[in-house]
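Participant: A single structure is presented below for examination.
Each value in this text was obtained by applying a stated rule to the coordinates, not by laboratory testing. Because the structure is a prediction, the values reported are computed rather than measured. Cβ sites come from the backbone with ideal geometry, for glycine too, and all protein chains shown count toward neighbours.
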Amino acid sequence: MLFRLLAIPNLHAYVNPTLARYTRFEIGGPARALLDAGDENALEQAWGAIEETGWPRAVIGGGTNLVVSDTGFPGAVLRYTGRSIEFDGEVVHVAAGAVLQDLVDAAIAQGLKGLETMTGIPGWVGGAIYGNAGAYGHSLHELVESVRFFDGRGFQEISNGQCEFRYRESVFKRRKDWIVVSAALRLKKSTEDLRSAAASILKIRNAKYPPEMRCAGSIFKNLLLADLPQPVRASVPENVIREGKVPSAYFLEQAGAKGMEDGAIRVADYHANLIYNTGGASAHQLRMMICELKRRVHDQFGIELEEEVQYIG
Ligand SMILES: Cc1cc2nc3c(=O)[nH]c(=O)nc-3n(C[C@H](O)[C@H](O)[C@H](O)COP(=O)(O)OP(=O)(O)OC[C@H]3O[C@@H](n4cnc5c(N)ncnc54)[C@H](O)[C@@H]3O)c2cc1C
């Protein structure tokens, strides 16, 4: 199948790639193939070729929110790598393979407000829509007008409402066969100093997540206060609650997570919801650490933590 794909413009195919190279954790075994589709035609062709093989298929973006198994993925991994960013007044049309930070920088350069709080969130736009990424009290869903995706048969466009965005959730998390290819976001012309607002956010973020850190940001989602069992809810101090959510780190810290380690896997000693690979860690060690943290929080508080990271393989 790969031979046939070599002739298609904007499609790049790699055989048996080690997925650790494509994830920020630098963990994960090989896939049978990696296909990078740079435009919609290439994506359709790549999809068709994978269908012919009967192999399982996984979609990834920048690999910043992924835990890939040590045995890798027994199929084809697909990335949509189109990265155009085009402004039309206060609306920006962006392809899913654009680096989110490039979009943030481009919007700031245009004097358009809305994306500056996303400064420093790694990954690509498609992954950010999939997980409704956000920070500092804002999420991407506040800006999305529409999303275009490929459903295996053709391309469709859906509105913000149809994306069913919630905290770190979207319809794309439930429809794994849908591939985001682009989105239209509505920003707002502003005279504020967006550049310095972004710079101060980046400074804080770089101290928390040094750019070379092999990690996925927060491992677990924060918890909606309203979803917590009543006795737990009543015990959470007011000053811990942020926008109706309780940080998972609050419970993890009390469960003794900070500084835990297993081989090259560590929980940061300054942030209980941050696990990183100091170099050479395995997915097995990482998953064991995640299980242990979930077990501790469950035993102590009766709460189920839910991973924000996504698993492949
Ligand atoms: C240091 C650090 C800090 C972080 N801070 C934040 C933060 O503040 N806020 C936040 O929200 N996140 C944060 N994250 C998590 C991560 O950056 C985001 O989730 C990001 O949006 C993931 O994008 P990605 O391209 O890397 O996706 P990947 O990790 O490659 O994939 C994540 C999921 O998205 C799906 N996906 C990717 N592209 C597509 C597509 N085109 N169509 C359909 N599905 C797709 C994949 O199937 C996968 O399930 C952080 C991560 C790190 C490493």
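Participant: If R₀ is 30 angstrom, what is the calculated FRET efficiency for the pair R242 and M288, using the beta carbon separation as r and rounding to 0.05?
Facilitator: Efficiency, rounded to the nearest 0.05: 0.50.
Participant: Order 55-65, 84-94, 188-198 from most to least packed using the mean count of other Cβ atoms within 10 Å.
Facilitator: Working: 55-65: 21.6, 84-94: 15.5, 188-198: 13.4.
So the peptides 55-65, 84-94, 188-198, ranked by packing, come out 55-65, 84-94, 188-198.
Participant: Now for a separate question. If packing is taken as the average number of other Cβ atoms within 10 Å across a peptide's residues, how do 20-30, 150-160 rank, most packed first? Could the numbers behind the result be given before it?
Facilitator: Values: 20-30: 20.6, 150-160: 13.5.
Peptide ranking by packing, descending: 20-30, 150-160.
Participant: P(r) of the chain in 20 Å steps, Cα pairs, percent per bin?
Facilitator: P(r) over the chain, rounded to whole percents: 31, 58, 11, 0.
Participant: I've got another one for you. How high is the relative contact order of the range 211-312, given as a whole-number percent (alpha carbon pairs under 8 Å, six or more residues apart)?
Facilitator: Values: 145 pairs, mean separation 33.4, N = 102.
Relative contact order for the range 211-312 comes out at 33 percent.
Participant: Here is a further query. Go ahead and run the numbers for FRET between R166 and V15, Cβ-Cβ distance against an R0 of 35 Å, rounding to 0.05.
Facilitator: On the way: r = 38 Å, r/R0 = 1.10.
The computed FRET efficiency comes out at 0.35.
Participant: Taking the Cα of A199, stepping 7 Å toward and past its beta carbon, and measuring to each backbone N in the range 113-152: which are under 20 Å?
Facilitator: Within reach of a label on A199, which here means backbone N under 20 Å from a point 7 Å along Cα→Cβ, the range 113-152 contributes 113-121.
Participant: Something else about it: Using the Cα centre of the chain as the reference point, and only Cβ charges (+1 on K/R, -1 on D/E), how large is the resulting charge dipole? Debye, rounded to the nearest 20.
Facilitator: 360 debye
Participant: For the range 53-70, what does the Karplus curve 6.51 cos²θ - 1.76 cosθ + 1.60, with θ = phi - 60°, yield as ³J(HN,Hα) per residue in whole Hz, taken in order and with x for Gly and Pro?
Facilitator: Values, residue by residue: 6, x, 6, x, 10, 9, 10, 9, x, x, x, 8, 10, 10, 10, 9, 4, 4 Hz.
Participant: Taking θ as phi - 60°, what are the ³J(HN,Hα) couplings along the range 305-313 by the Karplus curve (6.51, -1.76, 1.60), each to the nearest whole Hz, with x for Gly and Pro?
Facilitator: Values per residue, Gly and Pro as x: 6, 10, 5, 8, 5, 10, 9, 10, x Hz.
Participant: Using a 10 Å cut-off on Cβ atoms, rank the peptides 10-16, 136-142 from the highest mean neighbour count down. Walk me through the numbers before you get to the answer.
Facilitator: On the way: 10-16: 15.4, 136-142: 17.0.
The packing order, highest mean first, is 136-142, 10-16.
Participant: Using alpha carbons only, how many angstrom separate the centre of the range 77-99 from the centre of the range 1-65?
Facilitator: 19 Å
Participant: Quick one: which of K173/K221; K208/K258; K173/K258; K113/K173; K176/K203 span more than 24 angstrom between C-alpha atoms?
Facilitator: Where the Cα-Cα span goes over 24 Å, the pairs concerned are K173/K258; K113/K173; K176/K203.
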